[in-house]
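All remarks here apply to the structure that follows.
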Amino acid sequence: MRNKMLFISAQLLHAEDLEREVRKKGILGILLERFNVDLLSYDHPDIEYSTDCGAALSIHRVNRTVTPRRSIHSLYRFRTQSALSHVDKDMNGTIKALCHSNAYSHVFISHSLLGKCIDLVKQLLPVATIITDAYRSESNQPVGKSSENKGIQTPYNKLSSVLTRWSEQKLMNKTGLLLADSEWDALLFKSLSFKDASKVHVLPHFVDMKHYHYADTIPKEKLIVLHWNMNTIQGKHALQVFYTKIYPSIKNKVPDVQCYIVGREVNAEVRSLVQEDKSIVITDSLDDPAKYIRRAKAFLAPLHDGCGSRSKILESWALRTPVVTTFKGSERLICQNNRNILLANTPADFADKVVKLLQDPKLGSIIADRAHQTLLKHYEANGIKEKVFSLI
């Protein structure tokens, strides 16, 4: 007999949260193999969930009753609260109804909703194990801010750090299992409370290799692929840096190079920037990015946070395409420069690494094969699945 789980999730509309959405949906897919899941989704009415999971998944939707207000960017207690300010009022009735009519052994609460829902769930289901997809914010600093605001930013960030730590300590005490997405995050959470450190486990972003098996092998072409969220400020800034400071150097040394911008997150501003360059192709929004990545000699990850790059890097590793990114872009991944990834800190160095991959197929093959092995060892869904089942 399969146990029942309540899975409380919020579909946040902020572009920087899309990476976490990918991971969270992957976790849900794993849990559905063991549990019958009631998915309680607090989301935007335009967002749809896949319903191909049969009877194991029941979806209950609660729409927002207020329009999200613009939030203060940094302070932990307020950083995501404007979009979720009425979540307790909107969801409490549905949570109570579901908990009263079902004997849930486990409850998954999305990290963004944890502070709003955990007390009610603990009250209604005192013996249930509460799980969350714990994460730490990668960057609270917007791109392109001038140094003249440092006098304000320094105490503001210090206060943000204090509030973050205080809030996370309280939530950690009430949670049964925290799934951090990297070793670094896990250490940060464990440092909050020695007593609760055993609750923290690493569950990184992962890839299901069954989606990346192809009957044919195709040769690599002299093209590079850009695939990140270009609707965010950071994503647009990364594209501007690439187009103005990196790509000209690449074309100077490899004149016949082609660049493909793939994915659905390509807005009008980005299209306007590159439309005059015939060597740059913006693919159809419905095209599968994989068909371009597997043909490319290099995949370029963005230079800033907020672009949703980590899952894209793993996808490239799955497709045996070498990745070039910055040291910041590779944070929280198990990688080593010049072994399974190429890292650069300056536009000139970035361009140089890309040119090497375009001109040296053997180097690209070696980097890609090592990255693929890293993926299979640390980020493949079957291994992650075994870990999840061992924890619950």
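Observations on the model:
- The residue that is most open to solvent (accessible area, probe 1.4 Å), counting only those in segment 92-116 that are in a helix (DSSP H, G or I) and touching a helix residue (DSSP H, G or I) at 6+ places or on another chain (Cβ under 7 Å), is Lys96.
- Pair list, Cβ < 6 Å and 6+ apart or interchain, from segment 365-378 residues that are at pLDDT 95 or above to residues that are assigned to a helix (DSSP H, G or I): Ala371/Trp317; His372/Trp317; Leu375/Trp317; Leu375/Ala318
- When residues in segment 218-251 are screened for being touching a Gly at 6+ places or on another chain (Cβ under 8 Å), surrounded by fewer than 23 Cβ atoms within 10 Å (Cβ to Cβ) and not in a loop (DSSP other than H, G, I, E, B), 2 of them pass.
- For segment 163-194, the tally of residues that are of a type in the set (A, V, I, L, M), open to solvent by 20 Å² or more (accessible area, probe 1.4 Å) and at pLDDT 85 or above stands at 2.
- Count of residues meeting criterion [open to solvent by 20 Å² or more (accessible area, probe 1.4 Å) and part of a loop (DSSP other than H, G, I, E, B)] in segment 252-265: 4
- Some residue of segment 130-138 being surrounded by fewer than 21 Cβ atoms within 10 Å (Cβ to Cβ) and at pLDDT 90 or above: no
The values are calculated or read from the model by the stated rules, or taken from the named source; none is laboratory data. Treat the numbers as computed from the prediction; the structure is a model and nothing was measured. No Cβ is skipped: glycine too gets one built from the backbone with ideal geometry, and neighbour counts run over all protein chains shown. Accessible surface areas use protein heavy atoms only, side chains included; no ligands, DNA or RNA. Shrake-Rupley method; radii C 1.70, N 1.55, O 1.52, S 1.80 Å.
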